[in-house]
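Okay, so here's the structure we're looking at.
A short reminder: the numbers here are calculations on the coordinates, not readings from a lab. All of these numbers come straight from a predicted model, not from anything done at the bench. When we count neighbours, we look across all protein chains shown, and the Cβ atoms used for this are built from the backbone with ideal geometry, even at glycine.
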């Protein structure tokens, strides 16, 4: 957090409570992840985003990586979607002016062109609301909200017609079942 906390304009928050940013900048230590970002007013005209540490299936040399992923939880688990990544030392601006985000995140009208800036220092995340009209809410994801995460478990295994092992996978939320050959 040394790189972020040197600036006198940054408040370090642990997200014990939701923080509403309107032009301010805060630093969130990584122990506070995963977090939820709400861009815009909390009256249904907002965009909710989740931010998690990247946990690759085969971590190898990246095991200690502090890469972060940002995604739309409302679309990520119910259709074709994607995510944004934020490596240590990188900056990501969220907003409608960022062309690669238009189709990926489907921002409502209440999200500003340049709404929120995220800076990954490697041990903390700096969040700066870029003077958006409605502000940004930053909070820690609670257990009920974490249920929106993709959780896979092998429900059944059997041999399919071409002789390979077929596995049935249960995807928690939205409760769909997928099959694949292993």
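Key figures
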| item | result |
| --- | --- |
| Förster radius 35 Å - calculated FRET efficiency between residue 114 and residue 55, Cβ distance, rounded to 0.05 | 0.75 |
| Over region 63-112: Rg over Rh, Cα atoms, Kirkwood Rh | 1.00 |
| 45, 114 arranged by Cβ crowding within 10 Å, fewest neighbours leading | 45, 114 |
| C-alpha center-to-center spacing [region 66-141, region 24-57] in angstrom | 8 |
